[in-house]
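Have a look at the structure below before the remarks.
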Amino acid sequence: MVSNTRREFIQASLVSGTLAAGNAVGQVTEVKRQNTGETAVTAEYDIAVVGAGTAGAIAAIQAGRLGLRTVLIEKNGMPGGTTTTAAVNFPGLFHAWGRQVIAGIGWELVSRAVAECGGQLPDFTVVPERHPQHQVRVNRAVYASLLCEALHQAGVSVLFHSMPARVEEGEDGFLLTLCTKTGLETIKALAVIDATGDANVVGLAGYSVVEHDTLQPGSLILTLTGYDFNALDKERLRRVFQEGVDKGELTPEDNTFVRRNIVGFLAARGDNCTHITNINGRTSAGRSEAELRSRTCLLHVYRFLRRQPGLEGLEIAFMAPECGIRETVTIQGEVTIMHEDYVSGRLWQDAVCYSFYPIDLHNVQGGGIDTRPLKPGTVPTVPRGALVPRGSRRLLAAGRCLSSDREANSALRVQATCMACGQAAAVLAAQAVRENTGVMNVDMKGVYEILRQHRAIVPG
Ligand SMILES: Cc1cc2nc3c(=O)[nH]c(=O)nc-3n(C[C@H](O)[C@H](O)[C@H](O)COP(=O)(O)OP(=O)(O)OC[C@H]3O[C@@H](n4cnc5c(N)ncnc54)[C@H](O)[C@@H]3O)c2cc1C
């Protein structure tokens, strides 16, 4: 509930001249206080993007390239989100059935990251036997740095180490009260893109989200070195690991952590081969639990393996700074993409991008994956309304929390789609600001024209 004094403050700040000069947070050195006791508005933007992850970084670059005053707010210290901080650095899928279906800013930066490292892209004209063959592995450091460079060149104001604590919507935009390292700061934006993956901003603004009874597990990405996999006695390892679990030397959760397949875990050298189940990655408490439990498992498994023949020199050469989260909530959008829409390749009338991936549900108890490839030729699309919280005007959600049922979401959540949605969300937000209207009312012809100018592929 917004108090009267607070409401007056919001209206006054949105309408009048209490806004500080300069549009970059970094330029504002003094935070003045009003008589209301609230923090003054320190900066004013056209578009605020919250979350500099897979979708959000692309959204902010697009908004900046359109010349809009853009701020990007991120809780961590680098862009890329799950692609970099959670180390899931294998974006997919940009190609379907021998042709490119997603391009634009995401593809520009992913392909540049490969080129910077002297790497080769797969031959996308050949339909692969298994979809991961068309995922593009990027170097995390190079990809994050390319994002930083592109954000800078696009003139985006970046505020790392900050999170919104309060989001208030007035007639003419939003006030976001941010928790920064030195205290609360309030900024104004005419449109907001929630790219937190978890619809945190949508929730703070008071719009509905859909919670699910069951959630896919998260994963802690690792790189293990210091052993010769081929020389290991795999049968013995399987047996002693199970005995360790049965005797209580290892916990059942340790077994789930290695996806109940210690040999597979060692074969993949950790990588994307861990599961941490029953977590709520949307809240700080839930995320903390995931981080603590997964690292406890890691330590147990590491100690156990180092006692086994051939693994005495085992090293954890890399551990992602944060657990990768596959699923939390989805927004209750103006339109919801259902499983049938996805697998039938429905072409929505106001589709903003394609999406391509198998239905890909990781077992909620950990261990297996239910993977169901799409029928040949099928390429699903994403409608504008799946990015718009129901009843909102200039608030969008880009990334894995787009409005979709669980099965459709298990495919829509992948990185190429998140990047395409981020770019589309920025263009929709920009046009809503320019046309002084709501996102659901913008002229789609103009949106498509801009998307094409910025090398995105528009369905249909
Ligand atoms: C283990 C794992 C394996 C996967 N495998 C693949 C794969 O092989 N190929 C593929 O394409 N996809 C894969 N995915 C899916 C894909 O990586 C994610 O769904 C996608 O990256 C999510 O993008 P996003 O932009 O929605 O969120 P993110 O990339 O997670 O970005 C969200 C950003 O918002 C920030 N943030 C969150 N909350 C706040 C807040 N309150 N305030 C400020 N900042 C905030 C985060 O720090 C982060 O930077 C995998 C996912 C996981 C977890």
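Residues with amide H under 5 Å of Thr180's amide H, sequence separation 5 or more or different chain, H placed in the peptide plane at 1.01 Å from N; which?
Glu185
By how many degrees, between 0 and 90 and to the nearest 10, does the Cα long axis of helix 234-247 differ from the longest principal axis of the chain?
Tilt of helix 234-247: around 70 degrees.
Could you give the angle, 0 to 90 degrees to the nearest 10, between helix 4-15's Cα long axis and the longest principal axis of the Cα atoms of the chain?
That works out to roughly 80 degrees.
Can you tell me the 0 to 90 degree angle between the C-alpha axis of helix 104-116 and the longest principal axis of the chain, rounded to 10?
50 degrees
Please list, in order along the stretch 445-457, the HN-Hα scalar couplings obtained from phi with the Karplus expression 6.51 cos²θ - 1.76 cosθ + 1.60 (θ = phi - 60°), rounded to whole Hz, x for Gly and Pro.
So the J values, rounded to whole Hz, are 4, x, 4, 5, 4, 5, 4, 5, 4, 9, 6, 7, 9.
Taking θ as phi - 60°, what are the ³J(HN,Hα) couplings along the stretch 416-430 by the Karplus curve (6.51, -1.76, 1.60), each to the nearest whole Hz, with x for Gly and Pro?
4, 5, 4, 5, 5, 5, x, 5, 5, 4, 5, 5, 4, 5, 4
Under unit Cβ charges (Lys, Arg +1; Asp, Glu -1), what dipole magnitude, rounded to 20 debye, does the chain have relative to its Cα centre?
Details: 45 positive and 46 negative charges, 77 e Å.
In total the dipole reaches around 360 debye.
When the label point is put 7 Å from the Cα of Met319 along its Cα-to-beta-carbon vector, which residues of the stretch 271-303 have a backbone N closer than 18 Å?
Residues 271-277, 287-303 fall inside that zone.
Rounded to the nearest 0.05, what FRET efficiency do Arg166 and Thr371 give with R0 = 60 Å and r taken as the Cβ-Cβ distance? Could you check? Don't jump to the answer; show the numbers that get you there.
Values: r = 41 Å, r/R0 = 0.68.
After rounding to 0.05, the efficiency reads 0.90.
Restricting to bridges with both residues inside the chain, how much of the DSSP beta-bridge set is antiparallel, in percent to the nearest 5?
Details: 35 of 54 bridges.
Rounded to the nearest five, the antiparallel share is 65 percent.
Return, ordered by residue number, the residues of the stretch 338-359 whose backbone nitrogen is under 16 Å from a label point located 7 Å along Cα→Cβ of His212.
338-343, 357-359
Starting from the stretch 56-132, pick out the trypsin sites (Lys or Arg not before Pro) whose DSSP state is loop and whose Cβ has at most 10 other Cβ atoms within 10 Å.
Working: sites: Arg65, Arg69, Lys75, Arg99, Arg112, Arg130; in loops: Arg69, Lys75, Arg130.
Listed in order of number, the matching sites are Arg130.
Exactly which trypsin sites (Lys or Arg not before Pro) in the stretch 399-460 are in a DSSP loop and have at most 14 other Cβ atoms within 10 Å? Before the final figure, lay out the partial values.
On the way: sites: Arg400, Arg406, Arg413, Arg434, Lys445, Arg452, Arg455; in loops: Arg400, Arg413, Arg455.
Those that pass, being in a loop and sparsely packed, are Arg455.
What spacing in nm lies between the two simple spin-label points modelled at Arg269 and Glu435, each 7 Å away from Cα in the Cβ direction?
5.0 nm
For the pair Arg239/Thr225, report the inter-label distance in nm, with labels modelled 7 Å from Cα in the Cβ direction.
Placing both labels 7 Å along Cα→Cβ, they lie 3.3 nm apart.
Any idea how far apart Thr125 and Thr296 come out in nm if each label point goes 7 Å out from Cα toward Cβ?
So the two model labels end up 5.4 nm from each other.
Classify the chain: rounded, prolate or oblate, from the alpha-carbon gyration tensor (a ≥ b ≥ c, eigenvalue square roots; a/c under 1.5 rounded; otherwise prolate if a/b is larger than b/c)? Display every interim value, and only then the final one.
On the way: a/c = 1.96, a/b = 1.50, b/c = 1.31.
Since a/c reaches 1.5 and a/b is larger than b/c, the shape of the chain is classed as prolate.
What is the stretch 222-319 by shape, rounded, prolate or oblate, if you read a ≥ b ≥ c off the alpha carbon gyration tensor as root eigenvalues and call it rounded for a/c under 1.5, prolate for a/b larger than b/c, and oblate otherwise?
Details: a/c = 2.23, a/b = 1.59, b/c = 1.40.
Prolate shape, in that a/c is at least 1.5 and a/b is the bigger ratio.
Which one, Leu224, Asn363, Ile337, projects farthest toward the positive side of the charge dipole computed for the chain from Cβ point charges (K/R +1, D/E -1)?
With unit charges placed on the Cβ atoms, the residue in question is Leu224.
Which value in deg cm²/dmol, rounded to the nearest 500, describes the helix-derived mean residue ellipticity at 222 nm for the chain, given -39,500 (n - 2.57) per DSSP H run of n ≥ 4 and division by the residue count? Intermediate values should be presented prior to the final figure.
Numbers: 13 runs with 145 residues, N = 460.
Helix-only estimate at 222 nm: -9500 deg cm²/dmol.
Find which of Leu314, Ala267, Cys297 sits farthest along the positive direction of the dipole of the stretch 222-319, computed with +1 on the beta-carbon of Lys and Arg, -1 on that of Asp and Glu, about the Cα centre.
Of Leu314, Ala267, Cys297, it is Cys297.
What is the local net charge at Gly155, summed over the other residues whose Cβ is closer than 9 Å to its Cβ (Lys, Arg +1; Asp, Glu -1)? Don't skip to the end; give the middle numbers.
On the way: positive: Arg65, Arg69; negative: none.
Within the 9 Å Cβ shell, the charges total +2.
I need the phi-derived Karplus couplings for the stretch 215-228: 6.51 cos²θ - 1.76 cosθ + 1.60, θ = phi - 60°, integer Hz, Gly and Pro marked x.
9, 5, x, x, 9, 9, 7, 10, 10, 9, 9, x, 8, 9
The stretch 266-298 to the stretch 59-118: how many Å between their Cα centroids?
Measuring centre to centre over Cα atoms gives 24 Å.
Alpha carbon centre of the stretch 171-199 versus the stretch 331-392: separation in Å?
28 Å
Could you tally up the Lys pairs in the chain with alpha carbons closer than 30 Å? Skip any pair fewer than 8 positions apart unless they're on separate chains.
Summing the qualifying lysine pairs gives 7.
Bear in mind that the values in this text are calculations on the coordinates, not laboratory data. These numbers come from a predicted model, not from an experiment. Neighbour counts run over all protein chains shown; Cβ positions are idealised from the backbone, glycine included.
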